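Participant: Quick one: the structure is below, and I'll ask about it shortly.
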Amino acid sequence: MKPLHASIVFVSLNHAIFTGMRLAIALAAINLKVSPLVVGMVTSSFAILPMLGSIHLGRYVDRHGSGSLNLICVILLACAALLAASVPHVAALAIAGLVVGGAFMTTHLMNQQMVGQQSKPEDRTANFALAATGIAASATLSPMLTGFAIDHVGFSWAFFLLALLPLCSLQFVLFRKLPKLSAREPHAKAAAQGKITDLLRDPQLRHIYIINVVFATSWDIFLFMTPLYGASLGISASQIGLIIGCFSCATFAVRAFAGPISRRLPAWKILLLCMSINGVSNLIFGMVGIVPLLMVFAFTMGLGHGLANPTMNTLLYEAAPQGRTSEVIGLRTSVGMSLQFSLPMMAGGLGALIGIAPLFWFVAALQMGSAYNSRSNWHTPNRSIY
């Protein structure tokens, strides 16, 4: 197995744990009859460590390489799932989410760096799409299987089953199939002395980060609010898993065509189309309460996210200063996790006050408004954002 493929399979297995745990913990908290605000706080625990540590982790990887981080993360993922299975309490669910969020995002950040290093410039978008396809495959299967497991064997056994997945990813570490990132010595000093504000002053990076915030907001609201929306409509855990699975299935399907599409359409044209598709889909998603229609518009949302993510990854990698690639990815992760931390709590509180559907309409306005404000980039060519 090539190093690129080994890294993609490894992080996809870890993502299956992350996605399954995120759904199971949210539904377990709902099952404990806590308020939507508390459910939001528990779900936010997944984002705390990535929010606070991704930038520092990126700098560490740039200077020292990956070392034994992958092995440590696999062990932590298994322990977190076992904790949630053994202690059915809100505090235990929050701690498990905290550990899973930090461990998975560490492996994900290193995988993004590995994909960039293993790719030629002309193949980079296609390889990022391949990596994203692996993530989408795990995100398609994991929520559906987790939902069925909860319905048929209960929460504890569902968490135990998720605890078995790290055994699959562990073999990539133990049998040395997984490549390690080496320190980038020629640029280590510059990476150590550079400031975060330098990255934010870069107009190319700043513009990409703004668009990333728009997509991250849409993604997080969908993943967090869909279980609450489904529960309010009387939809079962299996059906909620199917709706989320349709979203992930679309990201999986469309990424098979990301390479050819990126060679025919400029990056910004792709992003603007994706924002428009997501905006319309969120608007209608908050208006319907029938499972088949929810599945249809979850699927169309997934199409937009599926194309946008590898496009933004490519732009970020190419715009990163030398020796600071992992730090640039870490800053994107930190921004995204800040949203994952704050949005569930805010959305949970607002959902309790005004209802859940208006939150999807807010995301629709954000997506379509951002697309309209960025319309001048429609004709911007590839490999240049200005």
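Participant: Mind ranking 305-312, 81-88, 24-31 by how tightly packed they are, going by the mean number of other C-beta atoms within 10 angstrom, highest first?
Facilitator: Ranked by mean Cβ neighbours within 10 Å, highest first: 305-312, 24-31, 81-88.
Participant: Measure out, as a whole number of angstrom, how far apart the alpha-carbon centroids of the range 228-288 and the range 353-378 sit.
Facilitator: Cα centroid of the range 228-288 versus Cα centroid of the range 353-378: 14 Å apart.
Participant: Moving on to the next point. Provide, for the chain, the number of lysine pairs with alpha carbons under 19 Å apart, each pair being eight or more places apart or on different chains.
Facilitator: The result is 4.
Participant: Separate question: Quick one: plug the Kirkwood hydrodynamic radius of the range 235-302 (C-alpha pairs) into Stokes-Einstein at 4 °C, 1.567 mPa s, and report D in µm²/s.
Facilitator: Working: Rh = 12.8 Å.
In µm²/s, the coefficient rounds to 101.
Participant: How would you rank 352-359, 264-271, highest first, on the average number of other Cβ atoms within 10 Å across their residues?
Facilitator: Peptide ranking by packing, descending: 264-271, 352-359.
Participant: Moving on to the next point. Can you report the principal axis dimensions of the range 60-119 using only the alpha carbons, biggest first, rounded to whole angstrom?
Facilitator: 44, 18, 16
Participant: Going by how many other beta carbons lie within 10 Å of each one, how would you line up Met287, Met114, fewest first?
Facilitator: Met287, Met114
Participant: Ranked by Cβ crowding within 10 angstrom, fewest neighbours first, how are Arg324, Arg201 ordered?
Facilitator: In increasing order of surrounding Cβ atoms, one gets Arg201, Arg324.
Participant: Report which label in [x] 23.5; [y] 26.7; [z] 17.0 holds the value of mean projected area of the Cα convex hull in nm² derived from the coordinates of this structure.
Facilitator: Correct label is [z].
Participant: With +1 on each Lys and Arg Cβ and -1 on each Asp and Glu Cβ, and nothing else charged, work out how big the dipole of the range 1-154 is about its Cα centre, in Debye to the nearest 20.
Facilitator: Numbers: 7 positive and 4 negative charges, 34 e Å.
With only Lys, Arg, Asp and Glu charged at Cβ, the dipole is about 160 debye.
Participant: Can you sort Leu199, Leu161 from fewest to most other Cβ atoms within 10 Å of each residue's own Cβ?
Facilitator: Leu161, Leu199
Rule-based calculations on the coordinates, nothing more; no lab input. If you're wondering where the values come from, they're calculated on a predicted model, not measured in any experiment. Positions of Cβ are generated from backbone atoms using ideal geometry, with glycine treated the same way; all protein chains shown enter the neighbour counts.
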